[in-house]
Amino acid sequence: MNKPITEFLEKYYLHFNAAALVDASKGYVAHLKDGGKMMITLAGAMSTAELGKILAEMIRQDKVAIISCTGANLEEDVMNLVAHSHYKRVPNYRDLTPEHERDLLDQHFNRVTDTCIPEEEAFRRLQKHLEDVWHAAEEKGERYFPHEFLYQVVNSGVLEQYYEIDPKDSWIVAAAEKNLPIVCPGWEDSTTGNIFTSNVIKGKLNVHTVKSGIEYMIYLTEWYRANSGGKGVGFFQIGGGIAGDFPICVVPMMYQDLEWEDVPFWAYFCQISDSTTSYGSYSGAVPNEKITWGKLDVDTPKYIVESDATICAPLMFTYILENS
């Protein structure tokens, strides 16, 4: 089998963060080959960075069993799917003045580093169809998680009229097709979460129509209990923040607060982060600190790649796909 990325990495990525990238990729492959499962967590703006081009294939090939992501990553993959041609790239973003930024706002562009998301084409196209499924559920007395509502919209086909990229490059499309488990903590901190909130404030929807973060933790607890046997579940973390901190806490919660016995620790840990080791920072904490919190064990394989995830993740995922 031709493995160009594997050959490149194993020839040139021999030291420091480059070596950590290869070691972590090999550890991921070994975990899967031993029958383990893997969670991937997405912080930052990975969907706007179009990580879906490679993450979708990871999902299709069963290299990821569950995803934890921010509300932004949940929605922004679909926004790119339906409005890609309307995005605006600003390669000189470091030179923008406050006046330049205000001009982007007045044009209804929301900037994420060098990429501007078009409000009308992205947000509003998605808004109408989400509001339809929210109202439909409420009329039936049904409640769903944020990702389940998004799956309903994607699987219904109503967005296909807007598709501007190959749907194979959308990780949400791949996840919806497989009904992949997702946890999305802090979903209200997103555009679609804000839209739902506005509907509640206006009296158009009930706040309980969308299930809460506490219910997500219960859902994750049930999933982990059912899937952590054998080799166990690994934890591949991109960035930091709530997308990583929320799900990793399920293990100590289960055995410390629920007082359940024989709860397996996370069986593998890798973090890609540009947050260097620092005082009091979750994103910058070394993996061993997680041992003291009851998340990882002494012999858990642990890796940290201190680099840009937009550079590292596609390389690592391709290595994994070539070797497992």
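The values are calculated or read from the model by the stated rules, or taken from the named source; none is laboratory data. Model, not experiment: these values are computed from the prediction. Cβ sites come from the backbone with ideal geometry, for glycine too, and all protein chains shown count toward neighbours. For the accessible areas, the whole protein counts, side chains as well, though only heavy atoms, and no ligand, DNA or RNA atoms are used. Shrake-Rupley method; radii C 1.70, N 1.55, O 1.52, S 1.80 Å.
See the values below:
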item: Relative contact order %, the chain, counting alpha carbon pairs below 8 Å whose residues are six or more apart; result: 27 percent
item: Solvent-accessible area, 1.4 Å probe, carbon plus sulfur percent, for the chain; result: 50 percent
item: Amide hydrogen neighbours beyond the local backbone of Val158, cut-off 5 Å, H modeled; result: none
item: For the chain: accessible area per residue (Å², 1.4 Å); result: 47 Å²
item: Full-extension gain in nm, Lys168 to Lys3, via 0.36 nm per residue minus C-alpha separation; result: 57.3 nm
item: Residues whose placed amide H lies under 5 Å from that of Ser68, excluding near-sequence neighbours; result: Ile40, Thr41, Leu42, Val183
item: Two-site label geometry, Ala18 and Asp34: point separation in nm, points 7 Å out along Cα→Cβ; result: 2.8 nm
item: Nonlocal amide H pairs with Val305, under 5 Å, H built at 1.01 Å; result: Gln271, Ile272, Ser273
item: Residue-wise HN-Hα coupling along region 5-20, computed from phi with Karplus coefficients 6.51, -1.76, 1.60 (Hz; x: Gly, Pro); result: 5, 4, 4, 5, 5, 6, 8, 10, 9, 10, 9, 6, 5, 5, 5, 4
item: Among the listed pairs Lys33/Lys231; Lys63/Lys290; Lys63/Lys178; Lys168/Lys211, those beyond 19 Å (Cα-Cα); result: Lys63/Lys290; Lys168/Lys211
item: 3J(HN,Hα) from dihedral phi, region 173-186, Karplus parametrisation 6.51/-1.76/1.60, rounded to Hz, x for glycine, proline; result: 4, 4, 5, 5, 4, 9, 6, 5, x, 9, 10, 10, x, x
item: HN-Hα J in Hz across region 304-319 - Karplus 6.51, -1.76, 1.60, θ = phi - 60°, x for Gly and Pro; result: 9, 10, 8, 6, 7, 5, 5, 8, 7, 4, x, 5, 5, 5, 5, 4
